[in-house]
1. If you average 1/r over all unlike Cα pairs in segment 99-217 and invert the result, what Kirkwood radius do you get in angstrom?
2. Before rounding to the nearest 500, sum -39500 (n - 2.57) across all DSSP H runs of length at least 4 in the chain and divide by the residue total; then give [θ] at 222 nm in deg cm²/dmol.
3. On average, how much area does the Cα convex hull of segment 361-409 cover when viewed from any direction, in nm²?
4. What percent do you get for the relative contact order of segment 138-233 when only Cα pairs under 8 Å and 6+ apart count?
5. Positive end of the dipole of segment 99-217, charges at C-beta (+1 Lys, Arg; -1 Asp, Glu), about the Cα centre: which of 104, 191, 132 has its Cα farthest in that direction?
6. Looking at segment 64-135, what % of its DSSP beta bridges pair antiparallel, to the nearest 5?
7. Relative to a virtual label point 7 Å from the Cα of residue 324 in the Cα→beta-carbon direction, which members of segment 263-303 show backbone nitrogen distances below 13 Å?
8. Round to a whole angstrom and tell me the spacing of the C-alpha centers of segment 83-158 and segment 379-443.
Amino acid sequence: MAHDCSFLEALGLADGQVSFAEGHRESHAADWGAEQQDRGVVPDAVVYPESTDDVSAILAAATERGVPVTPYAAGTGLEGNAVPARRGISLDLTRMDEVLDYRPDDFQIDVGPGIIGSAVDEHVAGDGLFFPPLPSSGDISTIGGMIATDASGMQTVKYGEIADWVLGLEAVLADGTVIETGSQAIKTSSGYNLTELVVGSEGTLAVVTRATLQLAGRPRQIRGGRAIFETLDDATEAVSDAVRTGVDVARIELVDGLSARMANAYLDTDLPDAPMVFLEFHAEHGIEEEIDLCRTIFEDHDATRFEMSSDDAEMDDLWRARRELAYAVATYDPDRKPLHPGDVTVPISSYPDIVHETKRLAEEYDLLVPCFGHAGDGNLHYTVLVDRDDEATVERGERLYREIVERAIDLGGTATGEHGIGHGKREYLAAEHGEGAVEAMRRVKRALDPTDTLNPGKIFPETVGGGRIRPPEDEG
């Protein structure tokens, strides 16, 4: 259903901040994941706020008129988090991309939600600082999008996820109210932790307009490399053993043989056709001891090669293959397209089990399923490739995908380690958390956004068909 968005012209926004152009609207009907599958709903208007006051005025007016608002930024999401499920307004925050304050003595920076992640690193590099939790897509995705999904990346095993590095937020509620959460202190026990409530809420509770981020000093010693294994089971057992032993590693990434072949085809590289683990170590001193301990553990699991380097160019070439695997997978076979982006995470002791089960199911269903991911924190990315014109193959792929998610939850894990729920993982929410916890989430949503203005149709299972967040029984 189309919504009347003519009220936007009366809000006093500058020329170029509101667009009804078909091209602009269609470009906001998909994110990276949706482009691999089906486009979302085309919004009625795209609005480009340039300040917190803009966001507040837009949300207040939209809520008063019952117009849905879907926050949008770089469009690099994989679960349709920023793709409208209903029409209304696509709120594009990419113009709010400035560094608002920088306090190197406190290792802190305040930024707008539209700033690209790598721009933060560039801004602070001269002081020997960096923002550790940037995901693999940090050079194309925004800080606001990372906060919305509580993103994480290759360095999570050492540094944690985005939530661990957000000290405070300025955010706007659905009715236009501006709130501030957290502080510049590195710890607090004051009141409800609204910062972590907003982080990971995918724009369903508030729109972030300013973020205070904690930074870290760049390590003096950095070494990277890879280990090659005879079997995938050997590789995953080695990773699990190394992490449980306490090897101080900054990145420890799994790449199976199929993924290596795809990377070679896409980048014209010469990765070996074998299971691999990519590694990077960060330290102020004593890095060789950690490398030697890791080498010993890996050799106990039949690693055939263990190669390390401190050359920046060599390490960049190594990590480029891992960073661009998503593109390599998507373009590998013109007749087979990715079904859904797999993103399960399990306890580290169960990591070998989930990878083995994924490959077993791929063989059982006779489908190509490359496996890679942030192995050090138990995160597995897998992609089911299918011929979308073959209904039987698509059905097999859906069953395979679903069985892997269900197995991850059975192992004490999660349906999504870093991509968020969006509209792709809603059906697994109750299975993972229990209906009581999901109802508590609904109550929070109703309290902060009773009109369901913000990003409707996301997260909650009952919104799969476009329904509202159901009210308690006593509200009818």
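1. Hydrodynamic radius (Kirkwood, Cα pairs) of segment 99-217 is 14.1 Å.
2. It comes out at -10000 deg cm²/dmol, rounded to the nearest 500.
3. Mean orientational projected area (segment 361-409, Cα hull): 3.4 nm².
4. So the answer I get is 31 percent.
5. The Cα lying farthest towards the positive end belongs to 191.
6. About 50 percent, rounded to the nearest 5.
7. So the set is 263-271.
8. 26
Throughout, read-outs are computed from the coordinates displayed, never taken from laboratory work. As the structure is a computational prediction, the values presented were derived from the model and not from experiment. Positions of Cβ are backbone-derived with ideal geometry, glycine not excepted, and every protein chain shown enters the neighbour counts.
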